[in-house]
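J.: The following block contains the structure, expressed as structure tokens.
Values quoted throughout were computed directly from the atomic coordinates according to the rules given, and no laboratory measurement underlies them. The model shown is predicted, which means the values in this text are computed figures rather than measured ones.
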């Protein structure tokens with residue numbers, strides 16, 4: 001139910017990145033051949049969409065364009081294990097971390 005609600009709020013580009021990552025990867029590679037001015041504009045739009053996705057708690061859209069073989073080593077004290085390898089491991093780590101956060105208000 002939650003995933004369906006998130007999907008309906010995703011912009012078209014986010015739906016492509018999450019639903020068809022290979023197509024999104026091809027588009028990202030093609031982007032490198034465009035003039036710098038266009039690349040900057042497209043990248044700024046991608047960062048804006050990632051921010052918006054994060055703000056609506058749509059982490060799948062945030063991590064959709066991460067490389068499949070991404071490697072991330074969270075800093076202690078949040079994490080003491082081996083580096084996280086792959087988009088799936090990193091997404092799982094972030095989901096666990098964000099669900100464990102407790103907001104305290106006075």
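J.: With a/c under 1.5 counting as rounded, go ahead and sort the stretch 7-106 into rounded, prolate or oblate using the C-alpha gyration tensor (a ≥ b ≥ c being the square roots of the eigenvalues; past the cut-off, prolate if a/b is larger than b/c, else oblate).
T.: Since a/c reaches 1.5 and a/b is larger than b/c, the shape of the stretch 7-106 is classed as prolate.
J.: Let me ask another. Express in nm, to one decimal, how much length is gained between residue 37 and residue 66 on full extension, taking 0.36 nm for each residue of separation and deducting their alpha carbon distance.
T.: Fully extending the segment from residue 37 to residue 66 adds 8.2 nm.
J.: Of all the Cα-Cα pairs you can form in the stretch 1-64, what percent are over 17 Å apart? Kindly include the intermediate steps, with their values, before the conclusion.
T.: On the way: 821 of 2016 pairs.
Counting pairs separated by more than 17 Å, the tail of P(r) holds 41 percent.
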